[in-house]
Structures are given as C-alpha cells and as structure tokens.
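No lab work stands behind these numbers, since they all come straight from the coordinates. Remember, it's a predicted structure, so these values are computed and weren't measured experimentally. FYI the Cβ positions are ideal-geometry reconstructions off the backbone, even for glycines, and counts take in every protein chain you see.
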Amino acid sequence: MSMPKIPKEKHRPDLDDTIIDLLESIALEEIALSHLINAEAENLQAFVGKDLDFPSNPSNSDILRFNVTVLRLMETLMFKELFLLRKLETVSQIGMQVDFEE
Amino acid sequence: MKRKLERSPFLLMESTLKMKKAIYTFLKEYQRFLRSLGRQERLQGALAPSFSRLLFTLRIIQQTQFQKNRMIRLLAARDMQQSAALKRFFEEEQRVERQISSTLREIQKYLSGDIPTPSPPWLLSQVLIKNS
C-alpha cells in the first residue's frame with residue numbers, strides 16, 4: 001500500500017506559504033491575547049471606578065471573587081502563551097529542516 | 001506575487017510588543033485597584049498571597065516571551081537587512097520590560113511594606129470574647 005498522492009491544485013499553498021501562514025497565525029493569536037489583557041485592564045478600571053469609588057458597591061467577598069476571576073484569566077493566558085511558544089518552535093523547526101534539505 | 005518569509009519575524013515582534021504593552025496597562029490598573037482598597041487592611045492582607053500567584057504567572061509569561069524572542073532572532077538571522085529594524089523593536093521591548101519590572105516592584109513594596117498583615121482570626125475571636 002503506497003502513500004496517497006495529493007493532486008496538484010492551482011491554489012494549494014506550498015510549504016513556504018504554509019510556514020508563513022503558521023507564523024502569521026501565531027502573531028495574530030498573540031495580538032488577540034493582548035486585546036484580552038487590555039479588556040481585562042478596562043474591566044478592572046470599570047470595577048474600581050474613575051474616582052476610585054467602586055461604583056458597583058461591592059462587598060469584601062465580591063472584591064475577592066473579582067480578584068480570583070482576574071487571576072484565572074491571566075493564568076489561562078499564560079497557558080495559551082506556552083502553547084504558542086510550542087507552536088513557534090515546531091514551525092521554526094520545520095522551516096530549518098526545509099532549509100537544511102535544500 | 002510570492003510572499004516573503006522575512007516579514008514574519010516583524011509580525012511576531014509586533015505581537016510580542018503589543019502583548020508586553022497590554023501587560024503593562026493591566027499591571028497599572030491592578031496597582032490602582034490595590035491602592036483603591038486603601039485602609040481596608042484585612043482585604044489587602046487577603047489579596048497579598050494572590051498577588052504572589054499573579055507574579056508567578058507573569059514570570060512564566062516573561063520567560064515564554066524570552067524564549068520566543070530567541071526564536072524570532074533565529075528567524076530574522078536569515079536576512080541581515082532586517083537586523084537594524086529588529087534592533088529597534090528589541091530596544092522598545094526592553095523599555096516596556098523595564099516599565100513592567102518597576103511597576104511590579106512598586107506593587108510588591110506596597111503589599112509587603114506599607115500595609116500591615118491582618119491579625120490571625122483566632123486573635124480576633126479572642127478580642128471579641130474579651131469584649132463581650
């Protein structure tokens with residue numbers, strides 16, 4: 001049994017294009033993460049209020065719960081960052097392998 | 001037109017820079033949040049341990065970005081012309097990094113020095129019993 005042969009098509013990207021797409025996807029994902037962090041900063045700003053007066057009148061436990069939510073989001077972003085690093089390493093490795101073979 | 005691989009490190013560098021700036025904005029707001037709690041020492045005391053967790057999270061993000069920068073440098077090494085532009089990016093990145101570090105130091109100082117840790121709950125109950 002042989003490996004399947006994928007027929008050539010007009011708009012199918014080659015390996016270089018694929019590597020570029022992957023690298024760009026990493027950059028775009030990271031930009032999306034930076035938007036999330038900015039949104040969380042705005043969330044903090046809204047919670048605290050313009051005049052530091054906590055407009056939603058939260059109780060102490062509300063404040064602690066809010067703090068936990070903020071930290072959880074940051075932890076999730078940390079894991080996402082680790083995944084992006086792994087993706088970048090893999091893509092670079094493929095790129096270097098191609099260079100070496102050429 | 002054939003796309004150029006050399007453009008990718010620029011995009012990656014830009015996204016890293018955006019991420020760092022967002023972290024700095026977030027930290028500034030977090031600092032404001034802590035300061036706004038003012039005289040509520042018990043609340044400040046309860047938030048202090050969670051800040052060390054946030055610090056740990058940020059350290060990992062920093063380390064991840066450091067590794068990523070190494071990869072970007074490798075990718076950029078293919079084209080020497082890019083080096084000057086990338087140098088500017090790295091300088092800007094270092095500037096934001098310094099701002100982040102100084103904000104973190106300020107928050108740490110605020111949490112550890114200026115605000116006393118709350119009394120343990122058993123002590124509070126003793127006082128309540130005594131008063132009643």
- Please work out the C-alpha center-to-center distance from the range B:13-72 to the range A:10-64 and express it in whole Å. 14
- Item | Dipole moment magnitude, nearest 20 debye, the range A:48-92 about Cα centre, only Lys, Arg, Asp, Glu C-beta charged | 220
- Item | In Hz, Karplus ³J(HN,Hα) per residue of the range B:45-54 (6.51, -1.76, 1.60; θ = phi - 60°; x = Gly, Pro) | x, 6, 7, 4, x, 5, 5, 5, 6, 4
- Task: Using only Cα atoms, find the angle between the long axis of helix A:15-48 and the longest principal axis of chain A, and express it within 0 to 90 degrees, rounded to the nearest 10.
- Result: 0
- Item | chain A - Rg and Dmax from Cα coordinates, angstrom | 22.3, 73
- Which of the chymotrypsin sites (Phe, Trp or Tyr not before Pro) found in the range A:31-102 are in a DSSP loop and have at most 12 neighbouring Cβ atoms, other than their own, within 10 Å? none
- Size of charge dipole - chain A - debye, nearest 20, with Cβ of Lys, Arg +1 and Asp, Glu -1, no other charges: 420
- Unsatisfied cross-links (Cα-Cα over 20 Å) in the set B:K68/B:K109; A:K80/B:K18; A:K5/A:K87; A:K80/B:K109; A:K87/B:K21: B:K68/B:K109; A:K5/A:K87; A:K80/B:K109; A:K87/B:K21
- Item | Folded to 0 to 90 degrees: helix A:60-101 orientation relative to chain A principal axis, Cα | 10
